[in-house]
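Read the structure below first, then the notes.
Bear in mind that the values in this text are calculations on the coordinates, not laboratory data. Computed from a prediction, not measured in an experiment: that's the story for all the values here. As a convention, Cβ positions derive from the backbone with ideal geometry for all residues, glycine included, and neighbour counts pool all protein chains shown.
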Amino acid sequence: MPPRVAVKNLKKGGGLFEGVKSNIEALIVGIKYFVDPKRMTLLYPKEYPEHRPGYRGFIVLKKDVCISCAACARVCPSAAMKMVRVTEADPREPGKARQKQYPVINYQRCIFCGYCVDVCPVEALYHLPFHDITYESLADMFLTLEAFQKEPLRPVEKEGSPVVYEFDESAGLVKREKKGGA
Amino acid sequence: MSISEGTIGELRAKGVEVKRLEREYYEIFIGPQHPGSGHMRIIVRLDGDIIVDADPDIGYVHRTMEKLSEGREWIKVTPLVERMTIIDACNVTLPYINAVEKLMDKRPSTRASYLRVLLCEINRIASHLYGFGIFGVFLGHSTAYMWGFGDREVFLELAEILTGTRLTYTYHIPGGVRRDMPQDFPQMARRAVRYMRNRMAEYEKIFLNNPVIVSRLRDVGVISKTRAAELGIVGPTLRGSGVRYDVRLNEPYEVYSELDFEVPVFEEGDALARTLVRMEEIKQSLNIIEQAVDWLEKHRDEPVIAKEDYEKLPKLHKELYEKTGRVKLLPTQISMKVPPGKAVARAEAGRGEIFYYVESDGGVMPYRVRVVTPSARNVIVFKKVVPGHRLMDLPAIYGSIDYFPPEADR
Ligand code: SF4
Ligand code: SF4
């Protein structure tokens with residue numbers, strides 16, 4: 001059937017009996033969850049979520065793969081990615097130096113849209129499946145080329161245990177401890 | 001204490017100057033830091049307990065999005081405009097992309113359309129549950145708040161699995177979407193749908209049929225059908241007053257005309273009716289999600305972007321798409337030029353009709369992007385409907401129109 005309008009009407013305001021009945025019904029539901037609560041709260045940092053591989057989290061550069069095309073810096077909608085010029089040893093001509101450009105990221109600005117990862121023609125950038133790192137100062141959030149190539153450590157992995165959420169018909173989301181650690 | 005005419009006469013005779021005061025009203029400022037008002041202020045003038053005048057003071061989160069859009073390339077506008085209604089990001093960015101597609105004369109593949117509809121409906125539910133939670137806490141019903149925000153998480157999790165992020169999806173690109181759904185997605189979606197269906201009955205018991213809540217909402221903030229049309233309000237607020245208008249029905253976009261769903265309309269026009277419209281819409285959205293995943297499961301052969309675009313992808317990109325479902329962007333898409341012209345597009349977002357006017361001068365950036373958001377149109381309710389009610393009715397009316405300040409301010 002194609003989409004259609006369904007006109008409905010409110011239930012009429014009931015009398016005393018209706019009122020008492022619906023009050024009791026509300027109480028029963030309340031008591032049900034008081035006795036058997038279905039909690040999905042994440043006890044961060046004692047627990048931390050393991051996201052699926054497609055999660056758009058922190059970004060890492062594979063410098064050897066990068067062809068310096070600057071597409072990532074051009075596509076960035078918040079100007080978080082910038083190209084820097086470095087002088088490095090030329091792998092093709094030993095002993096000689098060459099100038100090359102590589103991207104660096106500024107996490108003060110990044111909105112994790114993932115455009116840069118999607119636009120890179122050689123897959124030199126990839127996402128990590130997490131998002132929870134804090135920096136001590138704003139300056140630290142502007143990664144250097146070295147830092148941009150390292151997968152950052154997730155501090156919560158030291159103190160917490162990983163959990164995954166699963167869909168469940170009776171409780172919505174169910175939190176489960178992930179087997180085998182991180 | 002009032003002074004009798006006689007006394008006034010005596011005082012005047014003694015040479016005392018007596019002036020009658022204008023009637024005094026009590027003025028209160030709700031917001032902008034008020035926990036219930038969001039990023040806005042309502043200046044309310046009270047006569048005792050009765051509101052004589054309510055003035056919504058908007059603009060606290062105005063971010064000049066329309067102007068900013070003129071300074072960035074076409075695909076970079078999406079991450080910008082989705083930030084006006086971050087809880088409904090899929091629905092509010094879709095008409096922008098639709099308008100750009102109209103200018104480029106591009107049609108998304110059917111699979112992409114179904115994926116868009118799927119995410120839009122997941123988003124609609126999440127957005128309604130968010131509004132519902134806030135509404136609950138406005139009325140002092142903190143259980144509804146916890147439930148709404150908890151169950152919203154179920155749908156955000158679905159959206160995260162589909163797009164890679166909870167809220168700012170940036171999912172649409174001209175001609176398609178950025179990712180296909182994972183293999184196990186239909187299964188998870190169906191479980192979430194079945195859960196929410198059963199859960200709705202409990203929502204009714206603890207909140208919607210709860211006599212305390214009903215007495216706060218029934219016959220409060222009544223907007224008649226003619227009045228609703230006059231005020232130009234949209235969305236569930238309009239349908240709660242009996243007007244049969246839903247963009248998905250009146251001007252179908254994507255694949256909505258092929259789906260089987262109802263557009264719930266209530267005639268009463270009070271706060272209760274508006275709340276119920278939203279709750280009924282959640283049920284319908286659940287149906288749509290089921291239909292969409294069924295279709296997507298059966299028709300796997302099509303790419304999630306327009307065929308001609310897919311053909312043009314390099315081999316590495318195609319392989320990656322086959323393997324991960326991710327569609328790579330081409331560097332040429334960054335500075336893509338859109339043929340000159342004007343286009344409009346509209347969609348039914350969680351709070352009502354959202355309208356875009358997009359104009360191109362043939363360059364790499366839009367010449368003009370005009371957005372009319374549902375909240376910007378519904379804010380008039382504060383001015384025109386709230387006066388005459390008691391102060392305690394203000395949160396009930398506010399919550400029932402599900403007003404979202406950042407969306408109105410853009
Ligand atoms: S994820 Fe988006 S905002 Fe962040 S660097 Fe990449 S393109 Fe820029
Ligand atoms: S898009 Fe990829 S290859 Fe090009 S500069 Fe960025 S990281 Fe390097």
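Observations
- If you run the Gaussian network model on chain B, springs between alpha carbon atoms under 10 Å, then out of B:VAL358, B:VAL77, B:VAL263 the most flexible one is B:VAL263.
- Among A:GLY57, A:GLY114, A:GLY19, residue whose mean-square fluctuation peaks in a GNM of chain A (springs only between Cα atoms under 10 Å): A:GLY19
- Amide H partners (placed H, <5 Å) of B:GLU353, local residues excluded: B:GLY235
- Radius of gyration and Dmax over the Cα atoms of the protein assembly as shown, both given in Å: 27.4, 112
- An ellipsoid equivalent to region B:111-170, defined through the eigenvalues of its Cα gyration tensor, has semi-axes of 26, 10, 8 Å when rounded to whole angstrom and sorted largest first.
- Looking at the protein assembly as shown, the DSSP beta bridges with both ends there are about 85 percent antiparallel.
- Look at B:TRP295, B:TRP74, B:TRP147 and count the other Cβ atoms within 10 Å of each Cβ; fewest to most, that gives B:TRP295, B:TRP147, B:TRP74.
- Charge dipole magnitude, Cβ of K and R +1, D and E -1 - region B:65-409, Cα centre, debye nearest 20: 460 debye
- Shielding by partners - mean other protein chain Cβ count within 10 Å, residues of B:273-286: 1
- Protection proxy ranking, peptides B:395-401, B:42-48, average beta carbon neighbours within 10 Å, highest first: B:395-401, B:42-48
- Relative contact order computed over region B:65-409 (Cα-Cα under 8 Å; 6+ residues apart), in percent: 28 percent
- Simple spin-label estimate for B:ILE86 and A:GLU177 in nanometres, 7 Å along Cα-Cβ: 3.4 nm
- Long-range HN-HN contacts of B:TYR367 with modeled amide H, under 5 Å: B:GLU359, B:SER360, B:ASP361
- Given 16 as the ceiling on other Cβ atoms within 10 Å, longest exposed-site-free region of chain B for GluC sites (Glu not before Pro) in DSSP loops: B:71-266
- Put the Cα centre of region B:178-212 next to the Cα centre of region B:233-309 and the gap is 16 Å.
- Principal-axis tilt of helix B:271-298 within chain B, Cα atoms, nearest 10 degrees: 0 degrees
- Between 0 and 90 degrees, the angle of helix A:16-35 with respect to the longest Cα principal axis of chain A falls at about 40 degrees.
- Among the residues of B:62-75, the average count of other protein chain beta-carbon atoms within 10 Å of the residue beta-carbon is 1.
- For chain A, built as a Gaussian network whose Cα springs stay under 10 Å, the top-fluctuating residue of A:ILE133, A:ILE59, A:ILE28: A:ILE28
- The simple Förster model, with R0 at 25 Å and r as the Cβ-Cβ distance, assigns B:ARG194 and B:ASP301 a FRET efficiency of 0.35.
- Gyration tensor (alpha-carbon) shape descriptor, region B:59-107, a/c threshold 1.5: oblate
- Prolate/oblate/rounded call for chain B, Cα gyration tensor, a/c under 1.5 rounded: prolate
- Cα gyration tensor shape for region B:231-376, rounded if a/c is under 1.5, else prolate or oblate: oblate
- For chain B, the longest principal axis of the C-alpha atoms and the axis of helix B:142-163 are separated by about 20°.
- Considering only B:LEU330, B:ALA201, B:ASN123, and ranking their Cα positions along the charge dipole of region B:65-409 that arises from unit charges at the beta-carbon of Lys, Arg, Asp and Glu, the one farthest toward the positive end is B:LEU330.
- Total charge dipole magnitude, the protein assembly as shown, about the Cα centre, Cβ charges on Lys, Arg, Asp, Glu only, Debye to nearest 20: 800 debye
- About its Cα centre, region B:280-410 has a charge dipole of approximately 500 debye under the convention of +1 per Lys or Arg Cβ and -1 per Asp or Glu Cβ, with nothing else charged.
- Loop-resident sites, region A:105-182, for GluC sites (Glu not before Pro), counting at most 16 other Cβ within 10 Å (DSSP): A:GLU123, A:GLU136, A:GLU169
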